[in-house]
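> The following block contains the structure, expressed as structure tokens.
Every read-out reported here was derived from the displayed coordinates using simple, explicitly stated rules and does not represent laboratory data. Treat the numbers as computed from the prediction; the structure is a model and nothing was measured. Cβ placement follows ideal geometry from the backbone for every residue including glycine, while neighbour counts extend to all protein chains displayed.
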Amino acid sequence: MASSVKESIQTDFVWEWKTNIDPWNETQTEEWTSYSDDISSIIEKAYKERLEQVSINEDYCISLKDSVQFYKNDTFRQRPVRRRKEHLPLMTSIDAEIEGQSMLHKRLSSPLGVPLRCGVTGDTTHYGSPFIQGWLLKFTEGTMKIEFDKIFPVLLDGLVKEGETESESIPFEKKLREVEKDTRGQKSTKRIAKLEDCCAKFYTEESYIYRVVNKALRNNDRTKSLTLGPFCYLLFCYIGRRFENNSTIGDRLRQAFSVNKMQTITLYRSDFVCRETLEEYRQAAGDNTKHFKWLPFVSTSRKEEEAIQFKGNILYKIEMPSYPSKKDQFRDIKSISEFEYEEEILLLPGVQFHVSKLEFDNKMKRDIAEIRIHLSYISNL
């Protein structure tokens, strides 16, 4: 069916940092890389409010007065930043179906943030996700036990409050109330499993949810704990769920006592990283004792061609070890995703990895990082 599409031009501002190896060498050709959309928005907001300085993550600040990015632990490590006007085509479709197809699916290119250096010690609980662990400890007052009647109202209230407009949260509120009604009389564990399913489905939809969730996790923003903690916990549990509800006791026993042969799944993911992170990767390449971790949920694809179509200066080639009965660090969400063709695999926040190899691909004009995810402690039990 034909559809008319109107095109107009909107003016926007983007923020960039200078990515030359020596950013102060004026003899080199200048190289600039744009910040992710959410970080650009933070900087632009501070700029318009005439602030002199703004923090963009746990490691870096922007001095708007001096137009430089600096490292919080070493203020002499600086790079120039700039504000650039950009004219963007704005496509407006009057056909709902075409509009759905033309929406930029950003989950596979949602920024991962600065990967944290980490060690085995202290990262055993909840795979090193301080946001989720902090919420769980506070919400359960240390018992670590969750009941449906307690988590349901705070989950619902949190998603409604995080909605950018009232209408955005209505379909999610409606679905959650249906689950509450349809599961009355069932055991709390079964009702919670239904909430987990809902949260996973919500995450895959093109809405505000995956954006605000991953922004809070990236920044370990504890001010969002009350509103987003319940959702993050339930999605975390959905990924780590050991057995499907329809598996029999016999199936579970056979899995538990079977000889587990490790398999390796290869996944792909694009991202933007700064020069400092690339240099850390180069120095760590080949050393499996140097661990890193991402704080948000990480969307990946089994298809390399799907990952490379998204903008970025690095492509992660991820080796994920997997046992048939121990897949608690990731979940295949292709069957519930609106974008099934991307064959999406969702990783838990806080999974650890080491860099096996890093090299620049001249054809793709980006670095290729071959990384390997470490088995979780629960996977080894």
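> For N25, which of the numbered conditions (1) in a loop (DSSP other than H, G, I, E, B); (2) in contact (Cβ under 8 Å) with a residue 12 or more places away in the chain fails to hold?
(2)
> If you don't mind, there's one more thing I want to ask. Given segment 187-244, what helices (runs of 4 or more DSSP H) lie entirely inside it while holding 1 or more residues that are among the basic types (K, R) and within 20 Å of D332 (Cβ to Cβ)?
Once the helices (runs of 4 or more DSSP H) in segment 187-244 are filtered for at least 1 residues that are among the basic types (K, R) and within 20 Å of D332 (Cβ to Cβ), what remains is 188-204.
> Condition first: among the charged types (D, E, K, R), part of a loop (DSSP other than H, G, I, E, B) and under 23 Å from the mean Cα position of the chain (by Cα). Can you find one or more residues in segment 45-64 that meet it?
yes
> Now for a separate question. It is to be established whether one or more residues within segment 143-153 are part of a helix (DSSP H, G or I) and more than 19 Å from L226 (Cα to Cα).
no
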